[in-house]
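Please read the structure below before turning to the comments.
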Amino acid sequence: MSNIFTKWKQGLEKSSKAAFGQIAEILGMSDIEPETWDDLEALLIQADLGMETVDCVLDALEERVDREGLTKMRQLQGGLKEELRGLLREPPQIDLSRKPTVIMIVGVNGSGKTTSIAKLGKRFSLQGKKVLLGAADTFRAAAVDQLEIWAQRLNLPIIAGQMGADAGAVAYDTVQAAIARDMDVVLIDTAGRLHTRYNLMEELKKVHRVIGKALPGAPHEVWLVMDATTGQNALQQARAFKDAVHVTGVILAKLDSSARGGMAFAIQRELDLPILYAGLGEKPEDLEPFNPDAFVAGILDGMN
Ligand SMILES: Nc1nc2c(ncn2[C@@H]2O[C@H](COP(=O)(O)OP(=O)(O)O)[C@@H](O)[C@H]2O)c(=O)[nH]1
Ligand SMILES: [Mg+2]
């Protein structure tokens with residue numbers, strides 16, 4: 001257990017030192033005054049919690065101040081921790097019982113899709129699952145190469161189309177191959193950029209549909225990879241993906257590179273999607289099932 005907390009603590013070092021570090025400082029010393037309250041609000045916004053979430057946290061804290069007659073910011077430390085933790089849900093159990101379980105991975109270009117697929121592939125194969133990768137990001141040649149290199153390094157089979165090949169056809173072939181080869185889990189990489197946002201969403205819908213033709217009921221999961229460093233902008237993009245394909249959960253990548261880990265709260269509150277995994281580094285082992293306790297402890301590390 002302490003091992004996992006250490007990993008999160010290291011991964012969240014940037015967040016805990018930046019915006020949340022300043023929050024810890026404010027809560028460390030001063031009396032409760034209107035200006036410190038304003039500073040706290042500004043820092044929570046800066047930490048990327050999103051306006052709605054910030055309002056909700058501050059309301060809850062104000063209520064505590066009234067109810068408990070608090071006068072020192074320091075007395076709000078525990079309250080903030082509790083309020084933030086209360087905003088996060090435990091991730092649901094991932095159901096890999098369907099054979100094969102088909103997981104479609106979506107997200108904007110550069111968000112961390114291909115890397116997350118490598119990480120998931122490693123994780124699931126360590127759990128004894130037979131994993132097949134499908135390289136359906138056929139818009140960029142480099143994207144297919146990148147997944148092929150991961151497949152080789154992790155010793156995972158892959159179905160890849162040529163650049164410019166039909167993404168739906170690659171996805172279809174991948175699912176059919178998985179059925180024929182008795183695989184347990186299929187991870188399908190998709191494009192994050194096409195000529196227009198409209199084209200991208202239409203292609204993703206098509207890939208989704210075609211997967212369902214290859215295996216009724218599939219894809220069983222559609223996971224949206226979000227880049228924790230892009231902030232509130234990413235929420236807008238996420239809504240487009242959510243509308244286009246039925247997203248079932250989020251992988252929050254690059255938490256280790258972000259100084260504003262507050263995105264996690266906004267995702268749960270404003271998108272109403274569970275965060276399933278967090279990317280805490282670039283290596284295949286740097287993916288952790290989302291752990292709300294470890295996460296809150298990690299971002300508020302400077303607070304005691
Ligand atoms: N530090 C860090 N880098 C990441 C993480 N996930 C992905 N990356 C990096 O982000 C860049 C884009 O990732 P990629 O998987 O190619 O994104 P894609 O375009 O969505 O497939 C690469 O340089 C990855 O190494 C993460 O969790 N932490
Ligand atoms: Mg990619």
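The numbers here are math on the coordinates, done by the rules we state, and not lab data. The model shown is predicted, which means the values in this text are computed figures rather than measured ones. Cβ: placed from backbone, ideal geometry, glycine included. Neighbour counts: every protein chain shown.
Relative contact order of the chain: 29 percent, from C-alpha pairs under 8 Å at least 6 residues apart in sequence. The modelled label-to-label distance for the pair Lys213/Asp182, using points 7 Å beyond Cα in the direction of Cβ, is 2.9 nm. Relative to the Cα centre, the charge distribution of the chain, modelled as +1 at Lys and Arg Cβ and -1 at Asp and Glu Cβ, gives a dipole magnitude of about 1540 debye.
Once the Kirkwood radius over Cα pairs is known for the range 1-143, the Stokes-Einstein relation at 10 °C and 1.306 mPa s delivers a diffusion coefficient of 84 µm²/s. The residue list Val102, Leu133, Ser116 was ranked by how far each Cα lies along the charge dipole of the range 101-292 toward its positive end, using unit charges on Cβ atoms, and Val102 comes out on top.
Under a Cβ-only charge scheme (Lys and Arg +1, Asp and Glu -1), can you give me the dipole magnitude of the range 2-87 about the Cα centre, in debye to the nearest 20? If you can, show how the numbers build up before the last one.
Values: 10 positive and 18 negative charges, 161 e Å.
Dipole magnitude for the range 2-87 comes out near 780 debye.
Cross-link candidates for Lys14: which lysines have Cα within less than 24 Å, leaving aside residues fewer than 8 places away along the same chain? Qualifying lysines at Cα under 24 Å: Lys81, Lys113, Lys119, Lys254, Lys283.
Spin-label pair Leu126-Thr6: with each label point 7 Å from Cα along the Cα-Cβ axis, the two points sit 1.5 nm from one another. For the chain, a Gaussian network of Cα nodes joined below 10 Å ranks Ala244, Ala165, Ala228 by mean-square fluctuation, and the top entry is Ala165. Since only Met183, Thr196, Ala171 are under comparison, the one whose Cα sits farthest along the positive direction of the charge dipole of the range 171-248, derived from C-beta charges on Lys, Arg, Asp and Glu, is Thr196. Each of Leu27, Leu80, Ser16 was placed along the dipole of the range 2-87 (beta-carbon charges, centred on the mean Cα), and the one lying farthest toward the positive end is Ser16. Beta bridges from DSSP with both residues in the range 101-292: antiparallel share about 10 percent, rounded to the nearest 5. A straight Cα-to-Cα reach below 17 Å connects Lys99 with the aspartates and glutamates Asp173, Asp182, Asp184, Glu221, residues fewer than 8 places away in its own chain not being considered. Using only the Cα atoms of the chain, each taken as one equal point scatterer with no solvent, compute I(q) by the Debye sum, divide by I(0), and report log10 of the ratio at q = 0.12 Å⁻¹. Ignoring solvent entirely, the Cα scatterers give -0.76. Converting the Cα gyration tensor eigenvalues of the range 1-68 into ellipsoid dimensions via √(5λ) gives semi-axes, longest first, of 25, 14, 13 Å. The chymotrypsin sites (Phe, Trp or Tyr not before Pro) found in the range 82-179 include none that occupy coil by DSSP while having at most 13 further C-beta atoms within 10 Å.
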